[in-house]
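None of the figures in this text is laboratory data; all of them are computed from the coordinates on show. These numbers come from a predicted model, not from an experiment. With ideal geometry, Cβ positions are generated from the backbone for all residues, glycine too; neighbour counts draw on all protein chains shown.
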Amino acid sequence: MLRSSILTVSLLLANSAFAQDAVQTDGDKYKVILENDCVRVLDYRDGPGEKTHQHKHPAFVLYALTPFKRTLTLPNGNILTREFKAGDVMWSEEQTHVGENIGQTSTHVVIVELKKADVPCSKQ
């Protein structure tokens, strides 16, 4: 019993540790619109019923341009339901998830991912 629990936890942690970048897993949905030493800004769009592959974000700020409803499935199996109105803003710590648009409207957001930089940020 203990051995299988340890194996399950190890697999979940490994799965999370090797999660890929969102632009690599879902380049049809994520577009980089600005990147410098401090941040990467992404434009994200999907339609009702669309789902992402598992991917990882560093700490980020999300700004909703349209109203939408979605689920986020975390590596441990927990499912979070999120609903936004246009203009809503959200902060999140680093996160690995699979996202699915479960609403009736398209998702359009801007995501500002933070980078840990020991150097001054450039103006790009």
*Within straight cross-link reach of LYS69, meaning Cα distance under 24 Å, which lysines are found once same-chain residues fewer than 8 apart are removed?*
LYS29, LYS31, LYS51, LYS56, LYS85
_Between CYS38 and GLU93, what is the label-point separation in nm under the 7 Å Cα-to-beta-carbon projection?_
2.4
